[in-house]
Amino acid sequence: MKTKKQIFMLLLALLLGASTLSAQSKKEKKEQKKEAVKKLIESENYKIDVNTAMPMRGRSIPLMSSYSLEIRNDSVISYLPYYGRAYSIPYGGGNGLDFKAILKEYNVETDKKGNIIVKFIVRNSEDRYEFRAKVFPNGSASIDVNMQNRQSISFLGELDIKEEK
């Protein structure tokens with residue numbers, strides 16, 4: 001009877017020890033991801049894959065194609081859909097948020113909660129775009145785009161973190 005009790009206590013101790021070890025590894029993984037996100041944004045060479053569009057009017061729209069916003073040093077490659085009202089655009093509808101351009105007024109901040117906020121302005125022949133991307137420590141992101149000739153639109157997505165193996 002005494003050996004059964006000792007075996008039971010040993011198993012209980014092992015179970016409790018395993019749960020604390022897994023909790024530490026989860027915390028460590030969370031910190032590693034947070035650091036990877038921070039390094040990627042600081043490198044000024046990253047891509048945000050977008051999966052949801054949220055126009056000013058109407059419901060959010062889940063995106064089936066692969067849309068993205070990419071920053072490469074001093075350039076931005078925007079391949080984003082546009083849903084909303086346009087006030088003044090070129091004949092034929094223009095390109096919307098599908099363009100490559102030079103960044104202006106690029107600014108990176110970190111808020112109190114550890115979220116990274118990236119702000120920049122882009123101009124092309126169609127419009128002036130003000131981007132504000134908020135990247136959370138877990139890699140998810142939200143993008144707000146304000147334009148002069150169109151209604152604002154927002155997007156949700158994920159930072160493309162390339163796993164180093």
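Filter the stretch 74-93 for residues that are touching a Ser or Thr at 6+ places or on another chain (Cβ under 9 Å) and in contact (Cβ under 8 Å) with a residue 24 or more places away in the chain and give the result. First the steps, then the outcome.
So in the stretch 74-93, the residues touching a Ser or Thr at 6+ places or on another chain (Cβ under 9 Å) come out as 77-81, 84, 90.
Those that are touching a Ser or Thr at 6+ places or on another chain (Cβ under 9 Å) and in contact (Cβ under 8 Å) with a residue 24 or more places away in the chain: Ser78, Leu80, Pro81, Gly84, Pro90.
Of all residues in the stretch 68-88, which are loosely packed, with under 13 Cβ neighbours inside 10 Å, over 19 Å from Asp160 (Cα atoms) and touching a strand residue (DSSP E or B) at 6+ places or on another chain (Cβ under 6 Å)?
Listed by number, the list is empty, since nothing qualifies.
Between a first residue in the stretch 109-123 that is touching a residue at least 40 places away in the same chain (Cβ under 8 Å) and a second residue that is in a loop (DSSP other than H, G, I, E, B), which pairs have beta carbons less than 9 Å apart while being 6 or more apart in sequence or on different chains?
Gly114/Phe136; Gly114/Pro137; Ile116/Phe136; Ile116/Pro137
Specify which of the listed residues (Glu158, Glu130, Glu164) is modelled with pLDDT of 90 or more, more than 10 Å from the chain's Cα centre (by Cα), of a type outside the set (Gly, Ala, Ser) and over 17 Å from Asn73 (Cβ atoms).
On the way: Glu158 fails: more than 10 Å from the chain's Cα centre (by Cα); Glu164 fails: modelled with pLDDT of 90 or more.
On inspection, the qualifying residue turns out to be Glu130.
Taking the residues in the stretch 119-146 that are part of a strand (DSSP E or B) and in contact with a Gly (Cβ under 9 Å, 6 or more places away or on another chain) as candidates, determine which candidate is surrounded by the most Cβ atoms within 10 Å (Cβ to Cβ).
For the stretch 119-146, the residue satisfying everything is Ala141.
Can you tell which of Ser125, Ser140, Ser65 is hydroxyl-bearing (Ser, Thr, Tyr) and within 16 Å of the chain's Cα centre (by Cα)? If you could, list the steps in order and put the result at the bottom.
Numbers: Ser125 fails: within 16 Å of the chain's Cα centre (by Cα); Ser65 fails: within 16 Å of the chain's Cα centre (by Cα).
Exactly one residue qualifies, and that residue is Ser140.
The values are calculated or read from the model by the stated rules, or taken from the named source; none is laboratory data. No experiment lies behind these values; they were computed from the predicted model shown. FYI the Cβ positions are ideal-geometry reconstructions off the backbone, even for glycines, and counts take in every protein chain you see.
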